Structures are given as C-alpha cells and as structure tokens.
Amino acid sequence: MPDDPLISVRDLSKHFRTFKRREGVWGAIRNLVKRDYQAVHAVDRVTFDIQRGDMVGYIGPNGAGKSTTIKMLTGILVPTGGEIHSNGFVPWEQRRQYVKTIGVVFGQRTQLWWDIAVVESFKLLRKIYDVSQRDYDERMELFNHVLKLKDYLDTPVRKLSLGERMRCDLAAALLHNPPILFLDEPTIGLDVVAKDHIRQFLKEINQRYRTTVLLTTHDLDDIEELCKRIMIIDHGRLLYDGPLALLKQKLLRTKQVKFVVKDSEQAARLPALESDGLKIEPVDHLTYRIVFDRTKISVADLLRHILAEVEVRDLLIEDEPIEEIVKRIYAGEALKEVSA
Amino acid sequence: MNLKNIRVVYNKERMDMLRDRRTVFNMLLFPLIMFPIISIGFNRMENMFREKAKKEAAQIMVLGAAHAPELDARLRASGKFEILPLAADFKQQISDKKLRAAVEFSPGFEQALRAGGGAAPTLTLYFYRTELRSEMAVRSLDELIGNYRTEIVQGRVAGHGLPATALTPVLTKEQNVASAEKVSGVRMGAIIPYFIIIFCLMGALHPAMDLTAGEKERGTLETILASAVSRGELVMGKFLLVLTTSLITAVISLISYSATLKFAPSAAARGVGKDFSVHFSLQAVLMVFVMVLPLAVLFAATLVAISLMARSYKEAQSYTGPIMLAAIVPAIASILPGIELNPALALIPVLNVSLVSKELLSGSLPWASIALVFISTSFYAAIALGIAVLQFQREEVLFRA
C-alpha cells in the first residue's frame with residue numbers, strides 16, 4: 001500500500017428534501033396548505049481516495065452531484081451519511097482549521113469584492129488566513145509571473161473579463177498556499193486562450209508545490225490536459241473511477257463533426273459520403289452531423305473526405321458531450337471491466 | 001467566536017457597502033434632507049396658497065340685499081369681496097367653486113334689528129366645507145358681521161344707560177404652570193420616538209437584505225462560507241454592520257430634526273402649537289437612545305434572520321414588508337393621545353420604547369418602567385439574534401433551491 005491517501009471519502013451521501021410543486025393556479029393554492037416533499041439523493045454512497053499531488057477530474061452532467069460533493073469536501077455542507085477525512089480533518093467538524101489548508105474556486109462565483117480593486121480582496125484574504133507579509137509578497141510575485149495579474153490588480157472586479165477574474169480568483173484561493181485545491185468548473189464560459197492560461201497555471205502549481213487538485217468540469221479538454229485520473233458521477237452515483245487513458249480507449253473514442261453545407265444543391269450530394277459506413281444525421285436546415293470513431297478514422301482523413309465531396313460553409317469538431325458518454329455507460333458499454 | 005474575525009467580516013462588509021450609492025443615500029442623505037424638506041417645504045407651500053387666497057377678493061353673492069342695505073354697503077366697501085350678480089343656482093356655483101360663498105338675509109332683516117324685541121332676524125351663510133378658499137371667505141364674512149353685531153349690542157347697552165362692562169361681568173385668565181419642557185415634551189415627545197424608530201428600521205433594511213439575500217443572489221455566499229471564518233463570526237460581523245447603519249441613520253435623522261426645529265421652529269412645529277419652543281435636556285435625549293439601542297438590535301437581528309431566507313433581494317423585500325408594518329403600527333399607536341405606559345404595555349416591543357421615550361422627553365424619569373422596557377426589549381433582541389445565528393447554521397436556509 002502506498003502513502004495514506006490525502007483525501008479519503010467513504011460512502012458519502014447527501015439527501016435533500018425538496019418541495020414538490022403542483023401545477024396550475026389550483027395547485028399553487030394547494031401548495032400553500034399542504035406541502036409534499038421529495039427526497040433527492042444528490043450524492044449517494046460515493047467512495048474514493050485521492051493521493052497527495054494527484055490531479056483528479058470529476059465529471060458528470062448537470063445536477064449529477066459534483067458541486068454537492070465539492071461543498072461537502074469544503075465543509076460548507078454536512079453529509080447525510082458517510083465519512084470524509086481530508087488532510088487529517090473532518091471538513092464540517094473542524095471547518096475553520098481545515099479551510100486554512102484548502103483553496104476553493106467556484107467557477108461561476110467569485111470570492112472577490114465586486115466593486116473594489118482586486119488587490120483589496122487579496123489583502124483581506126491575507127488577514128483572514130493569517131498569511132505573513134513575506135509569504136504574501138513571495139506568492140504574489142509568482143502569481144504575477146504565471147497569471148500576469150499585475151495589469152489589473154487595481155481594477156475593480158466588475159470591470160474584469162471572465163478570464164481575468166478567474167485568474168484572480170485562482171490566485172485568491174492559493175494565497176495561503178493550501179496543499180489541496182478544489183475547483184468547481186474553473187474554465188466554464190472562458191475562451192480558448194483563457195482556458196489555456198488556467199490549465200498552464202494549474203500544472204505549474206501542481207508541479208511546483210505538489211498541490212493536490214480535484215476539479216469538476218464539463219470540458220473534457222480540461223481533463224485531457226490536466227488529469228490522469230477521472231471520476232464520473234451521475235444521479236449521485238459514482239459510475240467510473242480510474243485512469244483517463246483506459247476510459248479514453250473504451251469510451252472516448254468518438255468525436256463529432258458538425259458542418260453546414262453551402263446550399264441545398266450541395267446537401268443533395270451528401271449521400272455519396274455515406275458509402276464508407278459514415279452515418280450523416282441532419283441537425284438543422286443545411287446543418288449535419290457525423291459521429292465517428294477516431295480509432296478507425298482520423299480527423300484529418302474525415303475532413304479531407306467531406307471536403308472532397310461537398311462545399312462546406314462552416315465546420316466544428318467536438319468531443320462527444322458528457323451526457324452521451326454517461327448514456328453509453330448506462331448502456332453497459334465496456335465499463336464493468338474498467339471499473340473493476 | 002473570534003473578535004478579530006468578526007472585525008474582518010465587519011470591515012469587509014462596511015467597505016463594500018460604502019461603495020453602494022443606494023445605502024449611502026438611504027443611510028445618510030435621506031434622513032438628513034427629509035425633515036427640512038417636509039417641514040419647511042410644506043409650510044412654504046401652504047403659506048403661499050394662503051397668501052394668494054387672501055389677496056384676491058372672494059366672489060360672493062348677497063341674497064336679499066334689500067333687507068339689509070347697511071350691511072350690504074359694508075360688504076361692498078370692505079374690499080375683501082367681489083359681489084356677483086344674483087343667480088338662482090348659487091349653491092351649484094359654490095359646489096363648482098365658481099362662487100366662494102353666499103349670504104342670505106331674511107326678509108326685513110335690518111328693520112327687525114332696529115325695532116328690537118321679537119324673534120331675532122337670521123342670516124344664512126352658504127359655503128363649501130373643506131374648500132380652503134370657501135372657508136376663508138366665510139371667515140371674512142363672519143368677522144365683518146361679528147363687528148356689526150357687537151356695534152348693535154353696544155348701542156343697545158348704551159341706550160339702556162348701562163356701562164360697557166355690563167357685557168363682560170367676569171374676566172377669565174389662563175395661566176400655564178407646566179414647564180416649557182413638559183409642554184414641548186408631551187407634544188414633540190410623541191413624534192420624535194416615532195421618527196427615531198422608523199429611521200432605525202429604515203437604516204437597517206437595505207443592508208440587512210443586501211448582506212444576506214443579496215449575497216445569495218450574487219453567488220458569493222458559498223465562497224464566504226468556504227473561508228476561514230466561522231458562521232457565527234460571519235453572522236455577527238454582518239449583524240453588527242446592519243446595527244451600525246441603523247443607529248447612524250437614527251442619529252442623523254434626530255440631528256436633522258433638531259436642526260430643523262432650531263433654525264425653522266415655526267415650520268417644524270406646525271400643527272404642534274404656536275407657542276412652541278424646543279426644550280429637551282441632553283440627558284433625556286441620551287436616555288432615549290439608550291432605550292432605542294436594544295430595539296435597534298431587535299430590528300437588525302430580525303431583518304437579517306428573515307432576509308436570509310430569501311433567495312434574492314427582491315424576494316427579501318416581500319418578506320420584510322410585513323416587518324415594516326409590524327413596527328410602524330405600534331410606533332404610530334404611541335402618538336395617539338391617552339395611551340400611557342403601564343406594565344402590560346411595557347412588554348410590547350416597539351410600542352414600549354416609543355411610550356417610554358415620550359415620557360423621558362417630557363422630563364420624567366420613570367425608573368421602573370425604564371428598567372422593564374429595557375430588559376424586555378433586550379430579551380426580544382437576544383432571541384432574534386439567536387435565531388439569526390441559528391439561521392446561518394441551517395443548510396436548507398442557506399442553500400434554498
């Protein structure tokens with residue numbers, strides 16, 4: 001057995017009680033008098049370990065339970081059942097000491113002051129986390145170097161772009177040099193360049209400080225760039241926990257090409273493409289989609305093939321959405337052997 | 001709980017809030033300018049209308065002028081009236097505000113007067129009540145007719161060879177023994193606590209909603225909850241800031257009100273009494289503040305606890321509406337004459353503070369009531385604060401879906 005895991009989660013569950021709303025005006029009136037509640041198993045008996053220095057991707061469709069797990073790991077929510085030992089703490093019991101050893105970034109939220117210069121927020125966090133002036137200066141220098149913060153340290157947060165703000169939020173979360181970093185959708189809504197910045201930075205701190213990172217995401221590119229290990233959750237249940245490579249081999253084989261043909265005359269020529277076993281699905285007027293297995297045909301070959309046959313106005317290559325992957329896991333595709 | 005952390009939260013929220021123009025306006029500017037504007041502005045406006053109405057001659061009609069030629073002549077000579085030709089629909093004209101008033105003399109009016117004895121002749125005044133100009137016209141008419149009546153009476157008395165004093169056998173003199181402080185205290189004392197209480201509540205309202213529901217709405221609550229301050233410290237920091245704004249607003253409103261009284265007393269005291277002057281001891285005012293302190297705590301804690309349940313600022317506004325009402329009604333009730341502080345009323349929040357303040361400002365020091373009011377309000381405030389702290393521990397409140 002290797003070192004003791006840094007984060008150990010056993011049978012973690014969180015149930016919410018949500019209020020079932022009835023429809024219509026009469027329903028709304030009845031809602032006032034009698035309320036029916038429904039138990040939602042946001043997280044259901046999830047178990048995993050994370051070793052020091054690991055970078056783990058935590059993915060799943062919307063409402064799968066990713067954020068709830070992160071909230072329990074950061075001590076904001078108390079689990080309904082199960083255990084968490086993270087960095088030697090039980091998060092919700094020793095929350096104050098514990099959070100001094102973790103950093104958290106919620107992608108769609110910010111912990112920075114909206115109307116105030118970024119640097120003021122850093123100063124405040126320095127006080128809350130008892131960071132010495134020397135450590136603060138040193139770390140700010142690193143952040144300036146990697147994240148290029150200097151240019152907008154004196155700008156109010158509301159004037160920053162989403163990418164700039166995310167960089168500041170990351171810096172804020174790492175100001176006290178925590179050994180663990182939790183990221184909830186860190187690249188959501190960012191453009192390609194901004195995403196790349198964030199990924200480079202995460203790599204850098206992971207290598208430099210051996211910071212353990214758990215990140216939830218929608219974006220499979222995040223995972224491919226950063227994580228060797230991946231966990232997939234849906235409806236509160238952990239569906240997969242293992243190396244990314246294996247999953248890729250088994251499940252992430254497919255990509256899709258979405259393209260718009262020039263006119264209906266061109267569209268009429270599409271059936272010629274189907275001869276090679278490619279299946280063309282119409283998406284919209286003049287827009288079509290081909291899902292292909294990249295172990296069988298390379299992207300370059302496919303594009304050459306398409307462009308040789310029809311005139312294309314626009315084209316987009318995408319990963320298969322996570323929802324589709326989850327669907328295929330449910331369909332029983334090759335998972336048993338993987339997760340075993 | 002750690003005082004240092006509470007202070008950090010407090011300072012953070014304060015800095016944030018001072019950048020928010022809405023708060024600054026509600027907390028500082030509004031209470032500062034409201035009193036002068038209301039009291040001086042309204043006073044000016046009313047005076048203006050009154051002067052204007054006074055200057056222009058009131059249109060009246062004299063019915064049966066032939067029965068009272070002398071009075072008719074006096075009416076015409078006075079210059080206060082414009083006498084319109086007779087019309088049958090004079091009542092309708094008064095209603096339509098084309099005519100201010102009308103006088104009707106009974107047949108043989110002056111003849112009967114001169115003859116004396118028998119039934120007294122009558123005159124009827126037609127006017128429109130609640131219409132300022134109509135009432136003023138009637139008042140002028142009444143004055144003129146009153147003078148005429150006095151002359152006639154004096155003539156009759158002299159005719160019988162009696163001295164003029166025969167008409168006033170007894171002279172009544174009124175002497176006020178209440179101190180000026182008592183008088184102004186009873187009059188102003190009823191209104192001042194009302195203003196302080198309302199402004200306490202108003203000052204707390206916006207920050208309480210912004211620091212709780214607003215935080216949820218902006219999505220910053222999670223990040224704050226994940227920081228190294230405990231929830232207790234968080235709620236205390238927020239609560240203390242709400243309390244501060246509430247008290248600052250109340251102090252500013254009081255200063256503004258006092259300044260208005262000092263520099264424009266007639267305007268501010270309108271409706272209170274003509275012989276009004278301000279005589280509050282500093283001690284009384286300070287005592288009022290001591291009484292208001294636990295009430296401000298009660299307001300701040302209640303508003304924080306309730307707004308935290310809302311998911312957005314807008315939702316918080318609908319939740320706090322009833323609270324406003326629940327505070328304003330007892331505050332108004334204390335202005336009503338006849339409601340006096342007693343041990344039972346001393347237990348009713350808001351009403352008790354406003355009643356005891358009324359007493360304090362009128363110069364008395366009812367120590368037993370003061371203690372009862374202070375202790376009971378502190379007790380309610382402690383409960384509200386406890387609920388606010390508990391609210392911050394409840395996941396279903398913090399993360400309402």
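Just so you know, all these numbers are worked out from the coordinates, no wet-lab data involved. This is a predicted model, so every value here is computed, not measured. A quick note on method: Cβ atoms are made from the backbone with ideal geometry, for glycine too, and the neighbour counts reach across all protein chains shown.
Numbers for the structure displayed
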| quantity | calculated |
| --- | --- |
| Sequence-distant residues sharing a close amide H with A:Thr254 (under 5 Å, placed H) | A:Arg294 |
| For chain B, built as a Gaussian network whose Cα springs stay under 10 Å, the top-fluctuating residue of B:Gly321, B:Gly237, B:Gly117 | B:Gly117 |
| Net length gained if the chain between A:Lys255 and A:Asp314 were fully extended (0.36 nm per residue, minus Cα distance) | 19.5 nm |
| Ranked A:Cys168, A:Cys227, B:Cys200, criterion: other C-beta atoms within 10 Å, fewest first | A:Cys227, A:Cys168, B:Cys200 |
| Pairs of Cα atoms farther than 45 Å apart, the protein assembly as shown, % | 51 |
| Sites A:Lys248 and B:Ile383, calculated FRET efficiency, Cβ-Cβ separation with R0 51 Å, nearest 0.05 | 0.30 |
| Cα gyration tensor category, rounded, prolate or oblate, for region A:7-249 with a/c compared to 1.5 | prolate |
| Where labels lie 7 Å past Cα in the beta-carbon direction, separation of A:Glu274 and A:Asp49 in nm | 5.2 |
| Those aspartates and glutamates that a straight Cα-Cα span of less than 16 Å connects to A:Lys228, excepting residues fewer than 8 apart in one chain | A:Asp49, A:Asp54, A:Glu204, A:Asp219, A:Asp241 |
| Estimated FRET transfer efficiency when R0 is 22 angstrom, pair A:Ser132-A:Lys100 (beta carbons, to 0.05) | 0.95 |
| DSSP-defined beta bridges in the protein assembly as shown - what % are antiparallel, rounded to 5 | 65 |
| Karplus (6.51, -1.76, 1.60) ³J(HN,Hα), θ = phi - 60°, over region B:191-200, in Hz, Gly and Pro reported as x | 8, 4, x, 4, 5, 4, 5, 5, 6, 4 |
| Helix-derived mean residue ellipticity, 222 nm - over the protein assembly as shown, DSSP H n ≥ 4, -39500 (n - 2.57), to 500 | -15500 deg cm²/dmol |
| A:Glu323 versus B:Gln111: modelled label distance in nm, points set 7 Å from Cα along the beta carbon direction | 10.4 |
| Residue of A:Thr287, A:Thr47, A:Thr74 that the Gaussian network model of chain A assigns the largest fluctuation, springs spanning Cα pairs under 10 Å | A:Thr287 |
| Whole-Hz ³J(HN,Hα) from phi, Karplus 6.51 cos²θ - 1.76 cosθ + 1.60, for region A:99-110, glycine and proline x | 5, 6, 9, 10, x, 10, 10, 9, x, 9, 10, 9 |
| Size of charge dipole - chain B - debye, nearest 20, with Cβ of Lys, Arg +1 and Asp, Glu -1, no other charges | 580 |
| Region B:136-152 versus region A:160-198: alpha-carbon centroid distance in Å | 87 |
| Karplus 3J(HN,Hα) series, Hz, for region B:226-231 with 6.51 cos²θ - 1.76 cosθ + 1.60 (x for Gly, Pro) | 8, 8, 7, 10, 6, 5 |
| Pairwise FRET efficiency - B:Ile375 versus B:Arg139, Cβ, R0 = 51 Å, nearest 0.05 | 0.45 |
| Amide H partners (placed H, <5 Å) of A:Gly107, local residues excluded | A:Asp184, A:Glu185 |
| Cβ-defined net charge surrounding B:Leu341, 10 Å radius [Lys, Arg +1; Asp, Glu -1] | -1 |
| Total charge dipole magnitude, the protein assembly as shown, about the Cα centre, Cβ charges on Lys, Arg, Asp, Glu only, Debye to nearest 20 | 1740 |
| 28 Å Cα-Cα threshold exceeded, pairs from B:Lys52/B:Lys97; A:Lys14/A:Lys127; A:Lys195/A:Lys248; A:Lys123/A:Lys148; A:Lys258/A:Lys296 | A:Lys14/A:Lys127 |
| Nearest 10 degrees, 0 to 90: helix B:3-18 Cα axis against chain B principal axis | 50 |
| Other protein chain Cβ atoms within 10 Å, averaged over every residue that makes up A:106-119 | 3 |
| Signed unit charges on C-beta, dipole axis of region A:253-319, positive-most listed residue A:Leu286, A:Thr254, A:Ser264 | A:Thr254 |
| Near-label residues of region A:22-48 by backbone N, under 19 Å of a point 7 Å along Cα→Cβ of A:Asp11 | A:41-48 |
| Chain B: most fluctuating residue of B:Ala73, B:Ala204, B:Ala58 per GNM, C-alpha cutoff 10 Å | B:Ala73 |
